[in-house]
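Just below is one structure, and these are the notes that go with it.
Just so it is clear, none of the values below were taken in a lab; they were calculated from the coordinates. All values reported here derive from a predicted model rather than from experimental measurement. For neighbour counting, all protein chains shown are included, and Cβ atoms are generated from backbone atoms with ideal geometry for every residue, glycine included.
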Amino acid sequence: MKRKMAIILAGVLVLSPYSLNFGALKSISLVEADSIETVKAEEVEVNQTANAYYEYVPEEINLIEKLDEQVSQIEQDLETLQEQKLDPELEKVVEEIQSTDINQVVAEEIKDESDKLNLDNTEVIVETLENDNISIEEAKDKLLEQNINQSVTEQNTEVVEDNAISATLEGETPEENTGGENVEDPIATAVENEDSGEASPENVLLDSNFSVNIVKTDGEDTTVKELGEFVKEVVENNKNEQYSLINKNTASASDSGWGWFFASQNTAVGNMNTTNAKFINFGTITSSGGILKPKSFSISLTNKRKTTDDGSYSTHATKSIGNAKMGTSYYLESTIGGTYFWKGYSTFVGVFGDGSTDVDSTSSDRELLNKKGVPYPTFKDPKSGKVMSVPSSTTWTKNYYPESWTTAKRTKYLDWYEDNYGDINRSDYEVHHIRPRVYYGSNDYSNLIPLKKSYHQQIVSPWWAAY
């Protein structure tokens, strides 16, 4: 085997939960005031409003911060690698990769895929990555302003909705009017109505992971290492000699050296919030370089799903692409049809001039999608730090928990909550059963978490309505 080393840079661009909504964002403008005091008062009011809604945009903000951290780590690892004593060929490749604007590479890939799939939630990500003048904090401010403006619009829209329902289950309504002061259950209402209110279909990016992987070949053995692991290996072994995996005795001068190629894996949801939602897995070979770059490529895509949190995945669909063209995205679609945990798997194979190959396999983050393709809404209570945990199964059946949920029990729970974590404006909150009562969720405090009414009724309840 003539080839001895190659580098793969694999960008895994996959997507995250439902509160991602990167619509058209406008810059923040300050309204001129008659006095400094008035301006300060308005700033205080805006900050209070922002703080009230900050807890409901963690996915948007976390996605931008996550990409920023990943790119920073890649740049740091490359700097560490460049500081080592390396084979001259490898040193040149490291310098070549270092000269690449990683932020721009990620931004262009996201933008390209966004244009191809008409993704509705990538504008602020691309803008933040491309524009060095926009900080993470400024991106946060834009996202917060969007949520505030959207909330104000919703509050000013006078729509009277009749929450009463005619459907019953075992003689019991979702409000449990079985005597006493029972608390209305928005999720039970939504589930009994069996309609989460189909919105305009959207195509959304679910999660973003960008990684650099090193492929090394030593004799007949080929292994793939993430850049950080590879750097640790180099630092550990690079004592007083140059680090090199090139065997000059067996590799000819014309074929020895290093190479690299960029590959991206993405997962998305098409037609989200409709009964025609699709889980999409797609892969792209974006570019290649170095002396020992592959001569051709192939891509394998697999969509897998499962019904339990700790169960094993079963293959739903596969697709193989031989002689994959540079810059062409290859898609594998799966009709969602029901609530499942989904993952997309991709394998990128570089074929070299001597017929040998290097393989890079990667997978997306796990996503729990309901039957309309909406990711499970993630939430972390800012006061208690408690996380609204993901359901352990996608096959729970309707069966009301036998113990009623009354105003007295609600009050007792909120008294306990405030004693431990601080006061909240109770009129703005509803107590959410993480496993809903309609699916046999108990009143145990471990199953309870306070949610803003708007978030509970507009985000969480519709998700369960399409469970």
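At a glance:
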{"item": "In Å, descending, principal axis extents of the Cα set of the range 64-119", "result": "46, 23, 12"}
{"item": "20 °C / 1.002 mPa s Stokes-Einstein diffusion coefficient of the range 255-318, Kirkwood radius on C-alpha pairs, µm²/s", "result": "144"}
{"item": "Rounded if a/c under 1.5, otherwise prolate or oblate - the range 332-467, Cα gyration tensor axes", "result": "prolate"}
{"item": "Estimated translational D of the range 97-144 in µm²/s (Stokes, Kirkwood radius over Cα pairs; 20 °C; 1.002 mPa s)", "result": "187"}
{"item": "Spin-label pair E96/E184, simplified geometry with 7 Å Cα→Cβ offset, distance in nm", "result": "6.5"}
{"item": "Label-point separation, K232 to K116 (7 Å along Cα→Cβ), nm", "result": "3.3"}
{"item": "Distance from the range 372-413 to the range 417-467 (C-alpha centre basis), Å", "result": "6"}
{"item": "Share, in percent, of DSSP beta bridges within the range 344-467 that are antiparallel, nearest 5", "result": "95"}
{"item": "Segment E108-S72, extension gain: residue separation times 0.36 nm, minus the distance between their alpha carbons", "result": "11.2 nm"}
